[in-house]
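Remarks on the structure that follows.
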Amino acid sequence: MIRARLYVSREGRYTGYTVTGHAGWAEEGRDIVCSAVSVLSIVCCNALESAAGIRPEAEMDKGSLRVKLPRDSGHDAQVVLGVFRQGMKDLSQQYPDFIAYEEIDMEE
């Protein structure tokens, strides 16, 4: 199962996200659920730099991606993470047996 988490500050600002695991919808290389989550996660990470003009702290390993926004990220970064939020909500509703999505309240 894929576990996706969007981190939200007390002020309601998105601060980052993590995606871990594999869907198991189909064999590796043919899994459309993994592909959809991978594309959404990586494109949003890249868009933080190319469209929002910030450099997120990002770590990617096989089967996981962690993205953390710098404290001074602006409106455009929030929009990009809003796209991540909507996409993950849609995917997790369409494939609930393969994707677990949650929003985590952070103290920062």
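The values are calculated or read from the model by the stated rules, or taken from the named source; none is laboratory data. This structure is a prediction, so every number in the text was calculated from the model and none was measured. Here the Cβ is made from the backbone with ideal geometry for all residues, glycine too, and neighbour counts use every protein chain on show.
For the condition within 18 Å of Ile104 (Cα to Cα) and more than 12 Å from the chain's Cα centre (by Cα), what is the one hit in Arg5, Arg66, Arg71, Arg85? Write out each step before concluding.
Details: Arg5 fails: more than 12 Å from the chain's Cα centre (by Cα); Arg66 fails: more than 12 Å from the chain's Cα centre (by Cα); Arg85 fails: more than 12 Å from the chain's Cα centre (by Cα).
Checking each option against the conditions leaves just Arg71.
So that you can scan it fast, the table gives a plain yes or no per residue for (1) crowded, with 17+ Cβ neighbours inside 10 Å; (2) touching a Phe, Trp or Tyr at 6+ places or on another chain (Cβ under 9 Å):
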{"site": "Asp72", "(1), (2)": "no, no"}
{"site": "Asp90", "(1), (2)": "no, no"}
{"site": "Tyr95", "(1), (2)": "yes, yes"}
{"site": "Met106", "(1), (2)": "no, yes"}
Say whether the condition of being within 13 Å of Ile2 (Cβ to Cβ) and at pLDDT below 95 is met by at least one residue in the range 63-71. yes
Is it true that some residue in the range 37-51 is outside any helix (DSSP H, G or I), out of contact with any Phe, Trp or Tyr (no Cβ under 7 Å at 6 or more places or on another chain), modelled with pLDDT of 95 or more and more than 18 Å from Ile99 (Cα to Cα)? yes
In the range 20-60, how many are crowded, with 17+ Cβ neighbours inside 10 Å and touching a residue at least 60 places away in the same chain (Cβ under 8 Å)? 4
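Kindly establish whether Arg3 is modelled with pLDDT of 95 or more, loosely packed, with under 15 Cβ neighbours inside 10 Å and either more than 14 Å from Val83 (Cα to Cα) or touching a strand residue (DSSP E or B) at 6+ places or on another chain (Cβ under 8 Å) (or both).
For Arg3, the condition - modelled with pLDDT of 95 or more, loosely packed, with under 15 Cβ neighbours inside 10 Å and either more than 14 Å from Val83 (Cα to Cα) or touching a strand residue (DSSP E or B) at 6+ places or on another chain (Cβ under 8 Å) (or both) - is met.
Pick out the one residue from Arg66, Arg85 that is surrounded by 13 or more Cβ atoms within 10 Å (Cβ to Cβ), in contact with a Ser or Thr (Cβ under 6 Å, 6 or more places away or on another chain) and either part of a helix (DSSP H, G or I) or basic (Lys, Arg) (or both).
Numbers: Arg85 fails: in contact with a Ser or Thr (Cβ under 6 Å, 6 or more places away or on another chain).
Exactly one residue qualifies, and that residue is Arg66.
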